[in-house]
Structure formats: structure tokens, C-alpha cells
Amino acid sequence: MHTLGVLPDVLELEMQDEEKQKQEKNAAATAEINSASETNMVQTHKERIQASWYRCEQFGLDHSSSPDFATLPKGTLSDLIDQHRSLLETTENEVLPYYENILSNSACMIVLADRQGHVLNTWGQPRFGSASQHGLVGGNQWTEMGVGTNAIGTALITGEAIQVGRDEHFLRANRFMVGSASPIYNTKNDLVGVLDISSDAYLPQDHTFGMVKLMSLSVENRLIFAAFQQEHFILSFNTNVVSLDSHWSGILVLDENGTIVSANRRAEVVLAQDLALLNINQIFDIEMREIKHHPYSLPMKLIAMGRYQFYVKVIPPVQQIMRIPDFRQRADYVAPPQSEVIVMNEKNPPFEKVKKPETSSSKAIPDNVIPLAELQHGDDRVERLVRQAHKIMEKDIPILIHGETGAGKEIFVRSLHYHSSRAKEMLVAVNCAAIPAELVESELFGYEKGAFTGAQNRGSIGLIRRAHHGTLFLDEIGEMPMAVQSRLLRVLQERVVTPLGSTEAFPVDIKLISATNRILKEEVKEGRFRQDLYYRISGLNIELPALRERTDKAKLIQYLHERLRKEEPGPALSQAMLDLLVTHPWPGNMRQLVHVLKVGMAMADEEVLEEWHLPDDFFDDLDSMAQTDDSAQLSSTNEQDEPLEELIPRLLKEFKGNVSQTAKTAGVSRNTVYKYSKPKENDN
């Protein structure tokens, strides 16, 4: 049993029982409410506040109710602090020092609470009254049941960051302040606490909400480092090189085989997929052996998911496990005969180094840039748009690229940049959907030091100015907030950038290329995109065709396969395998094609590439395509004399078990082939 300080034993037990009953009641109510928490993901801020007010009414509160903080006894609070020692020390010693300017602002208070809403510690001095008035003190419990709608309690119930303004608090007693809170998740994705920044209601709150989200990410990142840095590789990635050490960078934790054993929330949001136990080569265009030998802290450019360009920094484990490779353990090892042992003599000097023959591979453009001439392989449409875009690159005309996700827009832009007169300067690629909405403006346009709460002391130049004399690529521009669209329009019109908090304008010379998978004219009609900005960015409109629409699909597949084989040895493509790849609908476009080829080559392990080496979802797409025509195909097949139960086994035998070729010849799906290929129960 925990010791409860100096309280008498009888009073200790009574308070424990009372506290236990309150927690059980609160837990039951929270569990009942959490059943609807998944819908909060799509709720607007107004809807979340309304839902919280409804819950408060169900708890029996009214606007004039007094806050019930269910204050913990000192002894219980001490035990709670001991339980969360790691979280507290991580927050105080490793995160808060980066936000000294917040602490120096006497109008702000930073609060750390546990997953039940108990305040564990606070930093800073509020100017809006004493502790007895605001209630932000250690041991007080900030739940909706006791305190009404508030940032900490509402963030706990929704599991998401939220800012609660003055009049959005359910209890009038709390309407003197604004709270911005963000939940903290541990390496197992369990909610372990909440960070909150509270201030009086009359201060500007523009960046406080974004800052508390960054702070919670900072704590989560440090927890990941504490858990894994000793024996694992850690990859930090972001859209630009100067932000690699920022708290909103994605983080991946890898074991020595390249398996992703952990990741922060930012990585999963940016990459938009479940990363658990994937291999790093399924995410980035790199193998684990390259990561192991990459210089520490030297950033590199990598392509994620076959489409997105990121800067990546490798952080090796603190305690590196040294393993001496023994190549004789390989299954294909054959000991050389004694006569083949090399004897070093005058004809075989021991220190003579063989020089690599000079090849044309040492080009001025990076290895991950595809030459313009190799962007197409016989498709007239692609050839025409490449030629048009290449000419426009040297003109003062913006380019707007339309295309499905994964169609290769960023690959196209990178090739254009490195084949233009701007190649010596930076290509700054910005994914407008990947930067938090609250930080897009400061990231793009930069800011002066002290421009807002949490701004870096040295300020920031901004991504637009980093692209000066180079190329600025705004991907997913349809996701850009309206307020930022207005500022971007002014930059494009006046060709100057004014950082946040500054009156000085800086001239910029950029080549603007934008991309979207949305129909921007429809977005303009719906009021989600400015019409004047649309006409400012759409000088040359081009549309990259989907992979399934390209007339050079077969040659393109062969080309990509050969590029992958140059990176890592792999099997050649047989004509049957090429035919199978060509018939695929490729809903994921180029990105999906690269992944399928990589998986197949890895599974084949330099043997002959066969169907079973390819991932299952590859065949799911084929089946879906085939099933749409099954009724017509079956009726056509049934016109023949041979029934399916005889036709399928015969074709399978004829094609030596090739299911795809059998399905194609019979005019049915693979599932139909499997159905009729099963032996009958009576067949013995």
C-alpha cells in the first residue's frame, strides 16, 4: 500500500476509498464516451466542443457549477510522480529547454498531466491569479466530469489535440483562460499523458496550439530515443534538410536487418500507412546495408513510397554490436581447390589496387534523377508534355501538374529541375499536406526571432527564400489553407517575401511548379481554393497519365526493372512475367509498380522471378479487374462445347500450372481457376 504522507491511518483509508470510487465512476463514463471517439477524427472543432458540452450535461453539470478538482493527497501525488518519473524528467530536462521563450512569458503556464487528468507538474507563472483561482496545481484532476469542457480533459477523451477558448469552457469559472492541449503517446501507442499550455484569454493564441502539438511530439520522440537508441538505428526524415532535427520530423527505429520496430506518430501521418515490421526498403529507396555504412549526421535525399522526396539523417546505435561477416556461411559457398589459391609474388603484388574503369555514370545530376529522355519510352503524350515542360522551365511561366497519386509527379519535377539552368541551385520540394496547418505560413515565408510564441531565437529564412534562384515545388497545393493561399498570391505577384514579424521584404527569383491530384477548378467553385491563385499558378497545365493509360507500359516496366537491378542484383524479367505485369491495372501507379518489383526481386533472391514471388495484393487487383467481366466471359466460354470443369484442368496442364495464363485463355478470373482446379472429393 502507498504511504499517504502525515495523514492519520483512518483518514488515509477513507480518502483512498473515496478517490477509488471517483476514479471508477470517471473511468466508466469515459469508457462509455470513448465508443464514439473514432468519429471525432472527422469532426470540426465546433462539433467537438458541442459534443463535449453535451457530455458535461450528461455528467450533471451546469454552467454555474464549481470546478471539482478531486485533489489528490500529497502522499498519493508523490507516488504518482514516482510512477511517471521518466515522463516528467523527459519533459523537463529534454523538451522544455527548447522552449525557454515560452517559460519566460509570464502569461503562459505549461502543464503536464497523466492519463487520468491529474496534474503532475507545472512550469511558468500565470498572470491570471493564484493557484486557488485557476486550479492548475499538482494533484488536481482536470476531467470533463469534474471541471467541464477543458483542454486537458477533452484531449483525454478525444485522444487528439484541442484548443479550448474562453467561452468554449462549459463552466463559467474557467472562462478567464485559453487552454491548448495535446496527448502524449508512448512507444506502444498508449496514451500516457497530456501537455497543456494555458494563458489568460486576452493574449494572441495563433501559434500556441501548434506549439503544444510540437511539444507533445518532442516528448514522444525523446521517449523513443530513450527506449531504442542504445541498440537500434534511428532514421529522422523531413521535407527539407534544415528541419531534420525539428520535433515534427518523422522517426523510424530499425533493427540491424532493416525491420521497422517503432515509429513516431509523425512518421505514420506523413507516410500514411501502418509501418509496423515493414522493411526499410519498402518505404525508402535504400537498403539496410547502405544505412549501416552511411556517415553519421550527413543528410541524404531519398524517395519514399516511390514518390515523395525526403531528407534523411541516420543515427547509429550508441552501443554498436560488432559482427564479423563470414561469407563461408552462405548456402552457395564452395571452397576453392588447392590449386586455385593465390600466391603473392612479383606478378601478383599484394598492394596493387585495381582502378575502376571510368564510365559515363559520373554525371552532373544525382543518381536518383531520371534523364529527361528516359521519362518516356514511346508514349507520344508523355513525350509531348516532357518537351513542353522542358521549354517552359527557362521561361517566367509557372507549371501546374495534374495526375493521380503515384503517377510520378515528383520524379518528373526533379528531372526538369536538374536539366534546367537552375540545376546548380536548390530544388525545394514542399508537401503542403504534410506540414501542420498552424505552421505552414511560418515554414513557407519564414519568421523573425520572437515573431510568435515558440519561435526559434535565430528566426527562420523560410522555404520560399531557400528556393531563391532555384525551383520551388509545391506538391498537394490543393491542401494549402486559405490564409496561406492569400500570402502566396502576394509573393507570386510582387516577387518578394516578408517573414512573419518583419517589415523587411526580400526579393525572390523562383521557378514555381505545383502539383495536385484534385480538380482545382472544382475546388475553386466550392470555395476551397482561390480563383486568382489558380490562374497565377496554372501557366502551363499538364497531366501525367496514369500507368495503366500509357502506351509504353511494357518498355517502362522493363526500364524500371533494369534500374532496380543496377541498385541490387536481381532476376531478369521473362516474357511471361512481363505480359502479366502489363495486364495489371496498377491503381497505385508507378509507386505500386516499384514496390511490386522490389518485393518480387527480394523474394526471388536472384532466382527466376515467378508468380509466387509477387505480393498477394498484386493478384487481388487482377482478380477485381477480371471479375467485372466474368459474366460476359463465362457466357462466351459456355458457348463452347467444353465445360469449365474440364476446360480449366486441361489448360492448367497445358500451361504447366500457370494460373494467370490459364485465367487469361479461359476468360475467367484467377479465383475461378482455383475453384475448378480443386480435385473432386470422389476422385481417388
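The values are calculated or read from the model by the stated rules, or taken from the named source; none is laboratory data. These numbers were taken from a predicted model, which means no experiment stands behind them. Every residue, glycine as well, gets a Cβ built from its backbone with ideal geometry; the counts of neighbours run over all protein chains shown. For the accessible areas, the whole protein counts, side chains as well, though only heavy atoms, and no ligand, DNA or RNA atoms are used. Shrake-Rupley method; radii C 1.70, N 1.55, O 1.52, S 1.80 Å.
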Discussion item. From the P(r) of the stretch 479-586, could you give the percentage of C-alpha pairs in the tail past 17 Å?
Written reply: 69
Discussion item. 5 Å is the cut-off here: which amide hydrogens, built 1.01 Å from N in the peptide plane, fall below it relative to His584, excluding neighbours closer than 5 in sequence?
Written reply: none
Response to the item:
hull vol. (C-alpha, convex hull) per residue for the stretch 409-529, Å³ -> 112
Practice prompt. Could you grab the relative contact order for the stretch 143-250? Cα pairs under 8 Å, six or more apart, rounded to a whole percent.
Written response: 19
Discussion item. Can you pull out the trypsin sites (Lys or Arg not before Pro) in the stretch 184-266 whose DSSP state is coil and whose Cβ has at most 14 other Cβ atoms within 10 Å?
Written reply: Lys188
Worksheet entry | Zone of Arg381's modelled label, taken as backbone nitrogen in the stretch 399-429 under 19 Å from a point 7 Å along Cα→Cβ | 400-413
Worksheet item: When ranked by the protection proxy of mean other Cβ atoms within 10 Å per residue, highest first, what sequence do the peptides 172-179, 81-88 form?
Response: 172-179, 81-88
Worksheet entry | Phe228 accessible area, assembled protein chains, probe 1.4 Å, Å² | 40
Worksheet item: So how far apart, in nm, are the two label points at Ala423 and Val242 if each is 7 Å from Cα heading toward Cβ?
Response: 2.6
Worksheet item: Which cross-chain or sequence-distant (5 or more) residues have an amide H under 5 Å from the amide H of Gly193, H modelled 1.01 Å from N in plane?
Response: Ile184
Worksheet entry | Asp79-Asn189 FRET efficiency (beta carbon distance; Förster radius 22 Å; 0.05 resolution) | 0.30
Worksheet entry | Charge context of Ala272, other residues only, Cβ under 14 angstrom, K/R +1, D/E -1 | -1
Response to the item:
HN-Hα couplings for the stretch 299-310 via Karplus (6.51, -1.76, 1.60; θ = phi - 60°), in whole Hz with x for Gly/Pro, come out as x, 9, 8, 9, 9, 9, 6, x, 9, 8, 9, 10
Practice prompt. Note down the nm distance, to one decimal, between modelled labels 7 Å out along Cα→Cβ at Phe506 and at Lys656.
Written response: 6.5
Worksheet item: Relative to the present Cα-Cα distance, how much length would full extension add between His390 and Asp623 at 0.36 nm per residue of separation?
Response: 79.9 nm
Worksheet, complete the sentence: Taking r as the C-beta separation of Phe176 and Asn121 and R0 as 25 Å, the FRET efficiency to the nearest 0.05 is 0.70
Discussion item. Under the rule of at least 5 residues apart or a separate chain, name every residue whose amide H is placed under 5 Å from the amide H of Glu543.
Written reply: His402
Worksheet item: Using θ = phi - 60° and the Karplus curve 6.51 cos²θ - 1.76 cosθ + 1.60, what whole-Hz ³J(HN,Hα) does each residue of the stretch 373-381 get, with Gly and Pro shown as x?
Response: 5, 9, 6, 9, 9, x, 8, 4, 5
Discussion item. Per residue of the stretch 176-193, what does 6.51 cos²θ - 1.76 cosθ + 1.60 with θ = phi - 60° give for ³J(HN,Hα)? Whole Hz please, x for Gly and Pro, Karplus curve as stated.
Written reply: 8, 9, 10, x, 10, 10, 9, x, 10, 10, 8, 5, 9, 6, 9, 6, 10, x
Fill in: Backbone N under 11 Å from the His63 label point (7 Å along Cα→Cβ), restricted to the stretch 157-180
167-173
Response to the item:
Summing +1 per Lys or Arg and -1 per Asp or Glu among the other residues with Cβ less than 13 Å from Ala226's Cβ gives -2
